[in-house]
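To start, the structure under review is shown below, and the notes come after it.
Derivation of every value follows stated rules applied to the coordinates shown; laboratory data play no part. This is a predicted model, so every value here is computed, not measured. When we count neighbours, we look across all protein chains shown, and the Cβ atoms used for this are built from the backbone with ideal geometry, even at glycine.
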Amino acid sequence: MMIESSQPPFCQTDVTGSPATLKVLNLYAGIGGNRKLWENVQVTAVEYNEAIATTYKKFHPNDNVIVGDAHQYLLDHYEEFDFIWASPPCPTHSKISINFANAEGERRRKPKYPDMKLYQEIIFLNAFFKGKWVVENVTPYYEPLIPAKKVGRHLFWSNFNIGTIAHTSSDKILRGEQSEKYAIKGFDLTNEKGFRKDQVINNCVLPETGLYILDCAREIMRRSNNSQPSLFDV
C-alpha cells in the first residue's frame, strides 16, 4: 500500500545558494520524530504498521509514505537516495528483554534471539550505499557488535562523524506523563488509534536529535563532495 505524495521533484543543486534538496529514505519511520524538523528534503518513509503510517502522513503530508517491509525496501531501492535513516525494531536488543526473561511468574517472557537485521543493514549500507546513512537503535543488553555513537539512550551507526548534542533526560521522557512526552517530542497522539501510543512516543527520536544528525551529514556532503569513508574510519 502506498499513500500518494505531492512532493516536488528532486534537485541536486540550487542556483539560488539555498541548501540543495536531499532525497531521503526514512526506514521504520514510526510517526517521524527524526524527520519533524528536516527542511529541503524529499522523503520516502516506510512503515509496516498501517495505522502508524497513517498518523505519520498526518504529521508529514508532503512525504511519500509506503506501508511495507522496510528491510526489503532498503535492498530494492537504496540506490535512489542521497541520505538513508533506518531505525530497525529494538525489542530483541533492549535491556528490557533481559528484565522480562529474568522476571518471575506472569511477567516472565521467553527469551528471543536478537533480530540481526540491525547488523545486516549496517553492513549492507557501509559496503554498498554511496551516500550518507545512519542506523539508530537502543543501547543493547550486550556489547554492540559494531561500535556506535551514543546519544541519550540511543546508539547511532553512520558513515560520517556525529558530534555531541545535548538531549532531554531519558528518565523525563520514559517516566513522565503522556502529555509531557507529547510536549517534549512535539506530537499529540491523543486522538490517534490503532497502535500503542505509549510505545510509539517512547521510541520516537527527539526531533532536535534528528535535525542535528541530518545537519552533520549535510555538512560532510558539502565539504567532501560526497566522498565515501568506511564506517570503521569515522
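For the reader, a short list of remarks on this structure follows.
- Stretched out straight at 0.36 nm per residue, the stretch from Ile146 to Asp198 would grow longer than its current Cα-Cα span by 15.8 nm.
- By average C-beta atoms within 10 angstrom, highest first, the peptides 147-158, 178-189: 147-158, 178-189
- In terms of packing, defined here as the mean over residues of other Cβ atoms within 10 angstrom, the peptides 71-78, 199-206 line up highest first as 199-206, 71-78.
- Taking each residue as 0.36 nm, the span from Thr139 to Gln120 lengthens on full extension beyond its C-alpha to C-alpha distance by 5.1 nm.
- Förster-model FRET efficiency, 25 Å R0, Asn191 and Glu50, C-beta, rounded to 0.05: 0.90
- The fewest-to-most ranking of Thr209, Thr164 by surrounding Cβ atoms within 10 Å reads Thr164, Thr209.
- Additional length obtainable on full extension of the chain from Lys110 to Lys130, 0.36 nm per residue less Cα span: 3.2 nm
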